[in-house]
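S.K.: This structure is in structure tokens; I'll ask about it shortly.
The values are calculated or read from the model by the stated rules, or taken from the named source; none is laboratory data. If you're wondering where the values come from, they're calculated on a predicted model, not measured in any experiment. Using ideal geometry, Cβ is built from the backbone for each residue, glycine included, and neighbour counts are taken over all protein chains shown.
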Amino acid sequence: MPVDNSRLEGFYKLSVSERRMKLAEIANLSDEHVQAWAANGELSEDAADRMIENVVGTYSLPIGVATNFVIDGEHYLIPFVLEEPSVVAAASNMAKRCVANGGFRSNNDEPVMIGQIQIVNCENPDKAKKDILSSKEDLIQKCNEVDPILVKFGGGCRDIEVRMIDTESGPMIIVHLLVDCRDAMGANAVNTMAETIAPLLQNISKGTPILRIISNLAVHRLARVSATFTPEEMSDKGDDREKGSQIIEGVLQAYHFAKADPFRATTHNKGIMNAISSVAIACGQDWRAIESGAHSYASYKNSHKYGSLTHWEKDSEGNLVGTIELPMAVGLVGGAVRVHPAAQANVALIGVQSANDLAKVMAASGLVQNLGALRALATVGIQAGHMKLHVRNMAVTAGAEGEEIDIVASRLREKGIRITQAAVMEEIKQLRME
């Protein structure tokens, strides 16, 4: 279950071990979950060797926790796995700014994935299409016989669609299986169904089935999340409506740039995926499939012109209203989430009980990450906040050791100067001269 309160004052001031114990207490995590976080090599070599081929070791990234998320009236703490500074801080900051309006609201589709079967060399494609659709009920039944467990839990093949496309290899018939995957991502079930009925489609169409594979452009499995931000919440002080209104105008202008220009939209959407992919990795999801589906959808939904995955507008009261819509093929059944101990701990921290819940959490993280970037770009610029959080890494790169790292970082932040590698090196030099 989600936590009672995601507002963790002073959480960033705690030590790493203190943060683990704090989260274990409020999220009722087991000792095994805490140990999975604490182990630098949380994935054993035996477990890793069973996941992929030719294993030589494991590779670790930090797990950070974003706070202040209220989604559909429930509080969530969200784990992010990535190497980039400022992402977790920005998501937590922006999530806090919509709490007064109830936080985030979700409206997700059912978990329906598409399985594609490519058929070539049809002498009469029009007749083949008609005959396939006439056999729809029998084909659906054959699909569902493949996975009775999925059907038992309320899922299974729901419908069959047929498309005709022209290609450089000639006309092709593309059959779409629409499969409700419930709490699974669905690749194994969908691919098995597609392979099972391919011979039947060959007999019906008099053509040759070639590819039988899931599509990651999951247009029937969209996650939608929205939130409202008042001008006061958008201001730095939380009560300056005029300043907040100016920031909202800047955010809208930045969004309109991304909406109109694919060069900007690409970076705009990369910022969204900074959060979504980080949560996907943390929870053992196929983040490459999610990335692919998201970027494809950014073009698909805009008549094949690449654009923004988010929508921002101002309502009649001057509030900023944001919405995100994108495919979200995630699962809690099977895959790495059932093998990787840290992924299990991260899912336990979020407290989600279904793939739909995980999808809305990931979508909400993407929406506020986008807002954080737009707000920074419209005000101080993206580098100001990023470099303040990145300065500790820069200090290490410049040769700072032990306590020097935090001292150098603190001094540079207090000076308020432009943080560059040269400035960091100079500060280390000054510190050592003292």
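S.K.: Just to be sure I understand, how many residues within region 267-290 are among the β-branched types (Val, Ile, Thr) and out of contact with any helix residue (DSSP H, G or I) (no Cβ under 6 Å at 6 or more places or on another chain)?
M.R.: The qualifying residues number 1.
S.K.: Identify, from the list Val219, Val225, the residue that is at pLDDT 95 or above, farther than 25 Å from Asn144 by Cβ and among the β-branched types (Val, Ile, Thr).
M.R.: Criteria check complete, one pass: Val225.
S.K.: Within the bounds of region 193-209, is there any residue that is surrounded by 20 or more Cβ atoms within 10 Å (Cβ to Cβ), within 29 Å of the chain's Cα centre (by Cα) and over 28 Å from Val337 (Cα atoms)?
M.R.: no
S.K.: A further question follows. Say we look at region 296-325 and pick out the residues that are touching a Phe, Trp or Tyr at 6+ places or on another chain (Cβ under 9 Å), farther than 13 Å from Leu252 by Cβ and small (Gly, Ala, Ser); which of these is surrounded by the fewest Cβ atoms within 10 Å (Cβ to Cβ)?
M.R.: Ser299
S.K.: Is region 325-339 home to any residue that is modelled with pLDDT of 95 or more, in contact with a strand residue (DSSP E or B) (Cβ under 8 Å, 6 or more places away or on another chain), farther than 30 Å from Ala258 by Cα and not hydrophobic (A, V, I, L, M, F, W, C)?
M.R.: yes
S.K.: Let me ask something else. Any chance region 42-63 includes a residue that's assigned by TED's automatic domain parsing to the domain that holds Val99, within 24 Å of the chain's Cα centre (by Cα), under 21 Å from Gly351 (Cα atoms) and outside any loop (DSSP other than H, G, I, E, B)?
M.R.: Checking region 42-63: at least one residue is assigned by TED's automatic domain parsing to the domain that holds Val99, within 24 Å of the chain's Cα centre (by Cα), under 21 Å from Gly351 (Cα atoms) and outside any loop (DSSP other than H, G, I, E, B).
S.K.: Output the residues belonging to region 252-299 that are over 16 Å from Ala373 (Cβ atoms) and under 9 Å from the mean Cα position of the chain (by Cα).
M.R.: Val279, Ala280, Ile281, Trp287, Ile290, Glu291
S.K.: When you check Lys237 against the structure, is it at pLDDT below 95, in the same structural domain as Ile52 (by TED's automatic domain parsing) and either in contact with a helix residue (DSSP H, G or I) (Cβ under 6 Å, 6 or more places away or on another chain) or in a helix (DSSP H, G or I) (or both), yes or no?
M.R.: When the stated conditions are applied, Lys237 does not pass them.
S.K.: Next up: What about Lys130, is it of a type in the set (Lys, Arg) and either surrounded by fewer than 19 Cβ atoms within 10 Å (Cβ to Cβ) or over 30 Å from Asn319 (Cβ atoms) (or both)?
M.R.: When the stated conditions are applied, Lys130 passes them.
S.K.: Take the residues of region 73-88 that are among the β-branched types (Val, Ile, Thr) and part of a strand (DSSP E or B): which is surrounded by the fewest Cβ atoms within 10 Å (Cβ to Cβ)?
M.R.: Filtering first and then ranking leaves Val81.
S.K.: Further question: One residue is enough: does region 273-283 have a residue meeting the conditions surrounded by 19 or more Cβ atoms within 10 Å (Cβ to Cβ), assigned to a loop (DSSP other than H, G, I, E, B) and touching a strand residue (DSSP E or B) at 6+ places or on another chain (Cβ under 7 Å)?
M.R.: So far as region 273-283 goes, no, none of its residues is surrounded by 19 or more Cβ atoms within 10 Å (Cβ to Cβ), assigned to a loop (DSSP other than H, G, I, E, B) and touching a strand residue (DSSP E or B) at 6+ places or on another chain (Cβ under 7 Å).
S.K.: Filter region 115-149 down to residues that are aliphatic (A, V, I, L, M) and either farther than 19 Å from Ala198 by Cβ or assigned by TED's automatic domain parsing to the domain that holds Ala355 (or both), then give me how many there are.
M.R.: Selection size over region 115-149: 1.
S.K.: Being among the β-branched types (Val, Ile, Thr) and not in a helix (DSSP H, G or I) is the requirement here; does Val251 meet it?
M.R.: So Val251 fails the test.
S.K.: I would also like to ask the following. So, in region 183-224, how many residues would count as being part of a loop (DSSP other than H, G, I, E, B) and either touching a His at 6+ places or on another chain (Cβ under 9 Å) or farther than 26 Å from Leu326 by Cβ (or both)?
M.R.: Matching residues across region 183-224 total 2.
S.K.: Hey, among Val321, Val424, which residue is in contact with an Asp or Glu (Cβ under 7 Å, 6 or more places away or on another chain), farther than 22 Å from Ser278 by Cβ and of a type outside the set (D, E, K, R)?
M.R.: Answer to the selection: Val321.
S.K.: With (1) surrounded by 13 or more Cβ atoms within 10 Å (Cβ to Cβ); (2) at pLDDT 90 or above; (3) assigned to a helix (DSSP H, G or I) as the list, and Trp37 as the residue in question, which single condition is left unmet?
M.R.: Against the list (1) surrounded by 13 or more Cβ atoms within 10 Å (Cβ to Cβ); (2) at pLDDT 90 or above; (3) assigned to a helix (DSSP H, G or I), Trp37 comes up short only on (2).
S.K.: Name the pairs: first residue in region 404-432 and assigned by TED's automatic domain parsing to the domain that holds Asn393 and closer than 13 Å to Asn393 by Cα, second residue of a type in the set (Gly, Ala, Ser) and at pLDDT below 80, Cβ to Cβ under 9 Å, at least 6 apart or on different chains?
M.R.: Going by the 9 Å Cβ cut-off, the qualifying pairs are Ile419/Ala384.
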